[in-house]
1. Over all directions, what mean area does the Cα convex hull of the range 61-112 project, stated in square nanometres?
2. Could you provide, to the nearest whole Å², the per residue accessible area of the range 19-118 with probe 1.4 Å?
3. Starting from 0 in steps of 10 Å, tell me what percent of the Cα-Cα pairs of the range 1-87 lands in each bin.
4. At SER98 and ASN26, where each label point lies 7 Å from the Cα along Cα→Cβ, what is the point-to-point distance in nanometres?
5. Of the accessible area of the range 1-101, with the probe set at 1.4 angstrom, what percent is carbon plus sulfur?
6. What residue among MET2, GLY19, TYR65 has its Cα farthest toward the positive end of the dipole of the range 1-78, where the charges are +1 on Lys, Arg and -1 on Asp, Glu, each on the Cβ?
7. Using a simple spin-label model with points 7 Å from Cα along the Cα→Cβ vector, what separation in nm is obtained for LEU172 and LYS51?
8. Could you give log10 I(q)/I(0) at q = 0.15, 0.28, 0.29 Å⁻¹ for the range 1-52, computed by the Debye formula over C-alpha point scatterers of equal weight, without solvent?
Amino acid sequence: MMQNKLSFHQSSASLEIIGLPDYSNNENKDQISIISQWKLTIVDKPLIEGKIEHLGPIMDAFYIYSNLLIKSETPIYESKLIDIKADNLYIHNIVLKSSKPNVNPLNIKIGNTSLTDTINCFDQLNESSKVRIKNTVVSNYIPKKGRFVLNNKLKILNFIMPPFIAIFSLILCSSTFIYFYNPVEDKEKNELIIPE
């Protein structure tokens, strides 16, 4: 049976997904629900490939690591399959550990551009209607309590900001009118108008 191949590209990175549709769910012949293999190519780096059970954890690692970078927390992610840590602000050290015995880990250093391009390829995969993958851990990485607090903060901020901006605009406009208003000139005009 012929397998389907789908590729997702972003500048320095390319992700290829190989697999079959799930005919038991009456899926289209172009669909991929049973992923047999995937390949990640980053320019000037060795080919990274694996089975479906490796794809989810690697995607999670990249997403979690990038979230740590954005939050300005210590950017270190370690697991049985992959370790990612920052050498400095611009270089990220990735260690891929093989699930096969007696295989040395693969060390790769990538820059910010390659990191964002790789994450973009994963985003394209997640958004694709032609590939169905099981949900990864990333959505569960933020605890529910933290998500609730974050949502509440955003709701409160959206509620408070418009009136605050309106009041600030009124004060700003009023202060400019007061600045240009000269009560001495107004008094002199009134004196000229009043007959004696």
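The values are calculated or read from the model by the stated rules, or taken from the named source; none is laboratory data. Since the structure is predicted, the reported quantities are computational estimates derived from the model, not experimental observations. Virtual Cβ from ideal backbone geometry, glycine too; neighbours counted across all protein chains shown. Note: areas computed on protein heavy atoms with side chains; ligands, DNA, RNA excluded. Shrake-Rupley method; radii C 1.70, N 1.55, O 1.52, S 1.80 Å.
1. Details: hull surface 14.0 nm².
That works out to 3.5 nm², a quarter of the Cα hull's surface.
2. On the way: 5770 Å² over 100 residues.
About 58 Å² of surface per residue is accessible.
3. 15, 38, 31, 13, 3
4. That separation, rounded to one decimal, is 4.5 nm.
5. Numbers: 3060 of 5840 Å².
So the carbon and sulfur contribution to the accessible surface is 52 percent.
6. MET2
7. 6.1
8. -0.45, -1.02, -1.06
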